[in-house]
Structure formats: structure tokens, C-alpha cells
Amino acid sequence: KMSEQGDSSSWCSAEERTRAALAAWEHDDLPAAVAAARAALGAAPRFLPAMLAARGLALLAPALCPGAPPLDQQLALMRDIVELPAHRHEAQVARAFMAPLEREAEGERCGAATLFVLGSWAYHILQENERAAAYFRRAVDAGSSAAAFSLAVRFERGEGVPQDAAQSVEMYSQAAAKGHAAALYNLAQCYDQGEGVEKDKARALDLFQRASVAGHVPALLNLGLIYYHGEGAPQDRVRHRHICAINWQATHLNTGKGGGTVPTRS
């Protein structure tokens, strides 16, 4: 357990590496961004800004982030850090890190990745939906596919913006066009179920395939079910078994246990 003062060298290292992760992300160097975010969490596992960046990167490019904790576990830990007295120091350090970024955002000096993390901070930590949506909009305008995905979910749920299924599909489409794995998966679900767009099983199949190639494990499961039942594609039990084998590898060999899927719609 950390002391009240904490290990200052660990926190300084985490802050420095989180800045490096954001800088790499701004330059579209995702492998470097993932490596820096992991290093930040290695130095201080409960450093909230690094957790938010790592979560966004895991949804953007899950193939680069094998073993990412499920979303519910990540969010539960974040809430504990903010709410429990035992983690008060960690929350204070995170707020001190985020304050200069928010001032930069007021002066229009933030890049897309930083605006995305600020939106995630506002949504997950401050629970200020309208503020989060505003940051995500600015990040989308700056070219962030991660923010387009997050804004799509806000439109889907009506959080900070009016609920609008068609606008949600538009934002998912923007993110998917840039290869965002979770957006490809959620957009496939929209076409499969006819949510905010006309139902199109063939389009859904293509999107599930693209999400699977990007490393999205739940998309593999859906793809296997399509071939098993023959809904949206000719029934193919051999291909279904092959996909099941790949899915088993993804959820067991990469994570060391089952259930290591990358969460979506959050």
C-alpha cells in the first residue's frame, strides 16, 4: 500500500511517460503510444491519466494491447481511485496532471489525442457529460477516431448530447473509416440490428470481418455465429470451427485466461 505521500519518483515517471504516450499518439505512432502508456502504468498502476489513455488505445487498436483488462474492471478501479479515501493521493496527483492540459485546451493548444483524454477524464472521472461531449467534438474535428467512437456512444445513449441513432452511426462510420476496431464492431452491430441505419447483413458481415482483422475478439465471436447459423452468409461449419479456434487463442493464449476481450459501447 502506498504511503500518503506516495513514491514521488514513480509518479514523476508515470507523468513523463503519459506525456510521451500522448505525444506519440498525436503523431499517429500507436505502437510507441501503447508502449509509453504501459510503461506509465508499470511505474504507477493507478495513475488515472495513463489508465484513460491506455483504455482509449486498447479500443482503438486491440491487436497492440493483448491482455487489456475488461472495461468493467477498469472503470471500477477508476471509480475506487476517485471515491475511496485510501486512494486520495492518487486522485490528487491525477488532478494536478490534468489541470495544465485543461488550461491548454482553453487556449486551443491541445492536439486530438489530448482532447480525447480530456473528454474521457470529464466523462469517466468528473461525470460531466456535456463537457465530455464538447471535448470529444473538438477532438473529432482534429481528426481523432477514438473521439469519434466515444462521441458515437454518447449519441447512442443520449449522454451530453440528444439521443440520435443516425448521428451515432455517422460517428461510428467516421471512426471505422480510420480502422478503429471497436467502431468497426459497433457499426457492424448497427447494420446487423438495423439501429440508426437500414438493416444490411452483408455490410455487417464485412464490418465484423474488418474488426476481427483489427484484433477485436468479440467480432470474431459474432463472425463465428454468422457462419454457424448461416445468417448473412452461407452456412459454413468448417469456417465456424476455424474461427472458434482463433477466438480461443485470442482469449486464452494472449491473456493467460478466458474472457480477455476488448470492451465496446462505452
Exercise for the section: Go through (1) assigned to a loop (DSSP other than H, G, I, E, B); (2) touching a Gly at 6+ places or on another chain (Cβ under 7 Å); (3) among the small types (G, A, S) one by one and return the number of the condition A63 breaks. Expected result: (1)
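Here is a yes/no grid of residues against (1) on the phi < 0 side of the Ramachandran plot; (2) touching a Pro at 6+ places or on another chain (Cβ under 7 Å); (3) of a type in the set (A, V, I, L, M):
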site: A14; (1), (2), (3): yes, no, yes
site: R17; (1), (2), (3): yes, no, no
site: L22; (1), (2), (3): yes, no, yes
site: D28; (1), (2), (3): no, no, no
site: P31; (1), (2), (3): yes, no, no
site: R38; (1), (2), (3): yes, no, no
site: A44; (1), (2), (3): yes, no, yes
Completion exercise
Out of (1) out of contact with any Leu (no Cβ under 8 Å at 6 or more places or on another chain); (2) farther than 24 Å from A142 by Cβ, the one F47 does not meet is (1)
Handout entry: Condition met for R17 (of a type outside the set (D, E) and either closer than 26 Å to N186 by Cα or at pLDDT below 95 (or both))
Key = no
Practice task
Return only the number of the condition from (1) assigned to a helix (DSSP H, G or I); (2) in contact (Cβ under 8 Å) with a residue 40 or more places away in the chain; (3) open to solvent by 20 Å² or more (accessible area, probe 1.4 Å); (4) not small (G, A, S) that R46 does not satisfy.
Solution key: (1)
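Restricting to region 119-144, and then to whatever is within 19 Å of F97 (Cα to Cα) and of a type in the set (F, W, Y), can you tell me which residue is surrounded by the most Cβ atoms within 10 Å (Cβ to Cβ)? Step through it out loud before you land on a result.
Filtering region 119-144 for residues within 19 Å of F97 (Cα to Cα) gives 119-128, 131-132, 135.
Applying the additional criterion that residues be of a type in the set (F, W, Y) yields 121, 123, 135.
Values: W121: 23, Y123: 23, Y135: 27.
Restricting to residues being within 19 Å of F97 (Cα to Cα) and of a type in the set (F, W, Y), the top hit is Y135.
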Handout entry: Sole exception among (1) more than 25 Å from S144 (Cβ to Cβ); (2) touching a helix residue (DSSP H, G or I) at 6+ places or on another chain (Cβ under 6 Å) for A53, by number
Key = (1)
Problem - Yes/no for A147 being assigned to a helix (DSSP H, G or I), at pLDDT 90 or above and open to solvent by less than 30 Å² (accessible area, probe 1.4 Å) - result: yes
Fill in the blank from the handout: Per the list (1) assigned to a loop (DSSP other than H, G, I, E, B); (2) touching a residue at least 40 places away in the same chain (Cβ under 8 Å); (3) surrounded by 17 or more Cβ atoms within 10 Å (Cβ to Cβ), residue check on G160 breaks on (2)
Handout entry: From L60, L84, L77, residue being open to solvent by less than 50 Å² (accessible area, probe 1.4 Å) and not charged (D, E, K, R)
Key = L60
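The values are calculated or read from the model by the stated rules, or taken from the named source; none is laboratory data. Just so we're clear, the structure is a prediction, and the values are computed from it rather than from any experiment. When we count neighbours, we look across all protein chains shown, and the Cβ atoms used for this are built from the backbone with ideal geometry, even at glycine. Note: accessible area is taken over every heavy atom of the protein model, side chains too, but ligands, DNA and RNA are not part of it. Shrake-Rupley method; radii C 1.70, N 1.55, O 1.52, S 1.80 Å.
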